[in-house]
Amino acid sequence: MNNHLDSTIFFLNNEIDFCRFIHSKINFKNYPQHIYIENTNACNLKCIMCSRNQMSRKIRTMTLNNFVKIINNLIELKIYPRLTITGSGEPLLDRSLIDKIRYAKENHFHVSIISNATLLSEEKTIALIKSGLDRIQFSFDSINKKTYDKIRIPTSENRKSYYESTLRNIELFLLLNNNLTKKVYVSISSVQMDLNRKEAEKFKMFWHERGVDNVYLPEVMVRSGKGGENRVNDKNDNQRNEIKAKCVLPFIIASIMSDGNISICGPTKDELTVGNVLESSIENVWFGKEFTNIRDSILRKDKKYLSSRGIMCHECDVWEYGNSFENYFEFNKLRNEKVIKYILS
């Protein structure tokens, strides 16, 4: 029997219920389909498009005990969302990362991490593969060194570039991974902006030739909220005056930060939180009064209320990429096929 059966059944049942909710807009009862857990918000890069550049909260690493508490909470609720260990930091800076992955895998969760790959070594690669990790996404952005170095800037003044060593790290991971029967699903991402957009086809060809499972080319996005993701030079910076669409992200994704706070729409500044799952529980925060009020305001496109909470949905463009009630079904078939492929691979 496939060891991801719990995750598969949960996803399919939850998706059916959420589709019903999209049609009715009443009786929201869905747990998150996908949970991001920020194991650390420390990072060794200051990438030009990253929301971390506006982060004001304290640097911390989630303890193993707190991670276990979150997983146990999910088990008690009998829900098995996909888990991605990522946030406003580099996961490999966390010395307990492997233990966290192992604990989640022992309890039948589908587990991914997103890493910049700068800190990979042969030892860490082998440990990640042996941990049972299902999927890893490497954030690389460009196969051109000059372009890469303009985007992915080391925090240390003594370090000028991670390009060559990171490229070697990823190629070693692919080599060791491809020699195994049970492989980690490998995705390479390049955030698209003026600096690298013309390189997209070469980027895809380069990595497909090296045997990656997926090449992901997301557009740089402007997230809602105070100190959301940087507006880069190639984005229209005109302030929008109305909410264009009703975002689904606060209805399907939970982002748990390293201190246990759940953020409203991904890793942004700490003002945009609705409760702490370590002090309460995932259920109490997710279905709590504050999050419920915010979701209701999104459905009403209530700019005044949302803006008063620092949630600037009228400036956000994340909804354009299949993340709104209005275009959810347009992107649904491909998205669901990918999710099932990730879970069952």
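Tabulated results
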read-out: Farthest toward positive dipole pole in the chain [+1 Lys/Arg, -1 Asp/Glu at C-beta], among 312, 163, 89; value: 312
read-out: Highest-first arrangement of 65-76, 83-94, where packing means the average Cβ count within 10 Å; value: 83-94, 65-76
read-out: Along each principal axis, Cα extent of the stretch 95-148, largest first, Å; value: 43, 21, 15
read-out: Antiparallel bridge percentage (DSSP; both residues within the chain; nearest 5); value: 25 percent
read-out: No Cys partner within the rule (Cβ under 4.7 Å), the chain; value: 19, 43, 247, 265, 313, 316
read-out: Rounded percent of accessible protein surface that carbon and sulfur make up, the chain, 1.4 Å probe; value: 49 percent
read-out: Dipole magnitude (debye, nearest 20) for the stretch 1-157, charges at Cβ of Lys, Arg, Asp, Glu; value: 400 debye
read-out: Estimated Rh, the stretch 5-140: Kirkwood, alpha-carbon pairs, angstrom; value: 16.2 Å
read-out: Rel. contact order, % - alpha carbon contacts under 8 angstrom, at least six apart, the stretch 1-117; value: 35 percent
read-out: Dipole magnitude of the chain, debye to nearest 20 (Cβ charges: Lys/Arg +1, Asp/Glu -1, about Cα centre); value: 200 debye
read-out: Interchain or long-range residues, amide H under 5 Å from residue 275's placed H; value: 262
read-out: 222 nm mean residue ellipticity, helices alone, for the chain (DSSP H n ≥ 4; -39,500 (n - 2.57); rounded to 500); value: -11500 deg cm²/dmol
read-out: Normalised contact order of the chain, rounded percent, pairs of Cα under 8 Å and 6 or more residues apart; value: 20 percent
read-out: (1) 41, 23, 17; (2) 32, 28, 19; (3) 29, 25, 20, with the label sought being that of the calculated semi-axes √(5λ) of the Cα gyration tensor in Å; value: (3)
read-out: Surface per residue (accessible, 1.4 Å probe) for the stretch 1-102, Å²; value: 46 Å²
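The values are calculated or read from the model by the stated rules, or taken from the named source; none is laboratory data. Given the structure is predicted, the values throughout are model-derived calculations rather than measurements. For neighbour counting, all protein chains shown are included, and Cβ atoms are generated from backbone atoms with ideal geometry for every residue, glycine included. Each accessible area value is taken on the protein alone, full model and side chains, heavy atoms only, with ligands, DNA and RNA left out. Shrake-Rupley method; radii C 1.70, N 1.55, O 1.52, S 1.80 Å.
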